[in-house]
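Heads up: the structure comes next, in structure tokens.
Nothing in this text is a laboratory measurement; each read-out follows from the coordinates by a stated rule. As the structure is a computational prediction, the values presented were derived from the model and not from experiment. No Cβ is skipped: glycine too gets one built from the backbone with ideal geometry, and neighbour counts run over all protein chains shown.
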Amino acid sequence: MNQENKTNTDPSLLRQTFYNNDDELDLLDVVAQLWNGKKIIIATVILFLLLAIAYLFTAKEKWTSEAIVTQPSAGQVANYNAALNVLYSQSPQDKPGVVELQHQLFNRFHASIAALAGALQNLDDPQDLRIGPVTAGQNDPLSVKFTAETAKEAQAQVTHFIKLVNNEVVDDYGADIKRNMAVKTRELSDSLTSQMKVAQDKKEQRIEALKQALKVAEGAGITTSQLTQAEFLSDDTLYLLGTKALNSSIANEATRPLPLDESYYATQRALRLITDLKIQVDNLQSFRYIMEPDLPIRRDSPKKGLTLVLAVLLGGVVGSAVVLGRNMTATYRQRKQAL
């Protein structure tokens, strides 16, 4: 019974090991224990340093190259804008302005490269292409980053992916304007054919009206004109010109050029412009560099200094824990033996 009471009233193992008689943490005693176990602590630190060095030699390096891009300049869309001027020559109000064109191209570039980044992340061997705004909440300018195992590879890959996406966008816009030109060419050609047919019909209608008037004039016996002014004659009163004048008009109308109005020649001019246009998208760009892909001089990981410092700290902590734990174990065994 007395032995049980003694056991219950004994201080706890932690207090017995690290606290003095005044129930205060004895720091000097803790330091003394750590000093006595310095060989273990140093050995543990060395072990962790060796592990850290092995990690530094075996871990894959990561280098990140960054480029900053923005909307293309006016000169980079000049040829494309000139082609649009020809395409929309008959309806210039429908043509997008240069600023809108720059905005459209860059938005297309942004969407395409973001889609590419997502596709690269879903590969069996994911590639780290990251797209993000330089300024929070704004999509222009745009940061494009790529992480690789070497600095040169990271720089080359950023350049490659930007060029790849730009070429796709430019090719799409070039193919699009060619399709629009082909559609516009057919539209204008059909319009010319239709206007020509209408003019031919008008000419034939005029000849028929003159022939009918000639029949009326012959029936009425009118050989010469009965009018002093014939400027405002309708088809129903043409017979008043007389048979001589009507025969002359019929012969003249048959050889007269088709009555084509100004809209026909405007359409013809528009068709000629499109036919002669040589579409050039060589200098068309969907972006402009603010900062070209840089060659990184500091790797992202592993960081030698930080890794070694952490190894020393972790080794010291683990070594200290081993020393203090060993002392607690010894104290516990002594107490058991005393009981």
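Angle check, please: helix 242-255 long axis (alpha carbons) against the longest principal axis of the chain (alpha carbons), in degrees 0 to 90, nearest 10. The helix 242-255 is inclined about 30 degrees to the chain. Between the helical axis of 27-36 and the longest alpha-carbon principal axis of the chain there is an angle of about 90 degrees.
Once backbone amide H atoms are built at 1.01 Å from N, Ile290 has Ile68, Val69, Thr70 as its partners under 5 Å, excluding neighbours fewer than 5 places away on the same chain. Charged neighbours of Gln285, selected by a Cβ distance under 14 Å, balance to -2 (K, R count +1; D, E count -1).
Computed log10 I(q)/I(0) for the chain at 0.09 Å⁻¹: -0.80, from the Debye equation with unit scatterers placed on every C-alpha and solvent omitted. How are the alpha carbon pair distances in the range 149-236 distributed across 10 Å bins from zero to the largest one, expressed in percent? Percent of pairs per bin, in order: 13, 18, 13, 12, 11, 9, 8, 7, 6, 3, 1. Each residue, Ala111 and Asp140, gets one label point 7 Å from its Cα in the Cβ direction; the gap between the two is 1.5 nm. Protection proxy ranking of 251-262, 268-279, by the mean of other Cβ atoms within 10 Å over each peptide's residues and highest first, is 268-279, 251-262. Treating r as the C-beta distance of Ser225 and Arg269 and R0 as 45 Å, the FRET efficiency rounds to 0.65. Ellipsoid fit via the Cα gyration tensor, the range 46-193: semi-axes of 47, 15, 11 Å, each the root of five times an eigenvalue, largest first.
The stretch between Lys62 and Val30 holds 7.3 nm of extra length on full extension. This uses 0.36 nm per residue minus the Cα-Cα distance.
Within the shell of other residues whose beta carbon sits under 12 angstrom from the beta carbon of Asn252, the net charge comes to +2, with Lys and Arg scored +1 and Asp and Glu -1.
Full extension of the chain between Val312 and Asp276 yields a length gain of 5.4 nm, computed as 0.36 nm times the residue separation minus the alpha carbon distance.
Computed from the Cβ-Cβ distance with R0 of 35 Å, the FRET efficiency linking Lys304 to Lys39 stands at 0.85. As a quick test, which of the pairs Lys38/Lys303; Lys178/Lys278; Lys211/Lys244; Lys215/Lys244 have an alpha carbon distance above 22 angstrom in this structure? Going by Cα-Cα distance, Lys38/Lys303 fall outside the 22 Å limit.
Close amide H partners of Gln127, meaning residues 5 or more places away or on another chain with modelled amide H under 5 Å apart, are Gln121. Projecting the Cα positions of Thr159, Asn283, Ala199 onto the charge dipole of the range 157-308 (unit charges on Cβ atoms of Lys, Arg, Asp and Glu, taken about the Cα centre) puts Thr159 furthest along the positive direction. Using only the Cα atoms of the range 183-339, build the gyration tensor, take square roots of its eigenvalues as a ≥ b ≥ c, and label the shape rounded, prolate or oblate: rounded if a/c is under 1.5, else prolate if a/b is larger than b/c, else oblate. Prolate, because a/c is 1.5 or more and a/b exceeds b/c. Counting only alpha carbon atoms, the long axis of helix 78-87 and the longest principal axis of the chain meet at about 40°. With each label modelled as a point 7 angstrom along the Cα→C-beta vector, the Lys95-Ser73 pair spans 2.2 nm. Treating r as the C-beta distance of Val198 and Asn247 and R0 as 30 Å, the FRET efficiency rounds to 0.65. Based on alpha-carbon atoms, the Kirkwood radius and the radius of gyration of the range 64-144 give Rg/Rh equal to 1.12. 3J(HN,Hα) along the range 282-287, derived from phi through the Karplus expression 6.51 cos²θ - 1.76 cosθ + 1.60 where θ = phi - 60°, amounts to 4, 9, 6, 10, 9, 7 Hz, with x in place of Gly and Pro.
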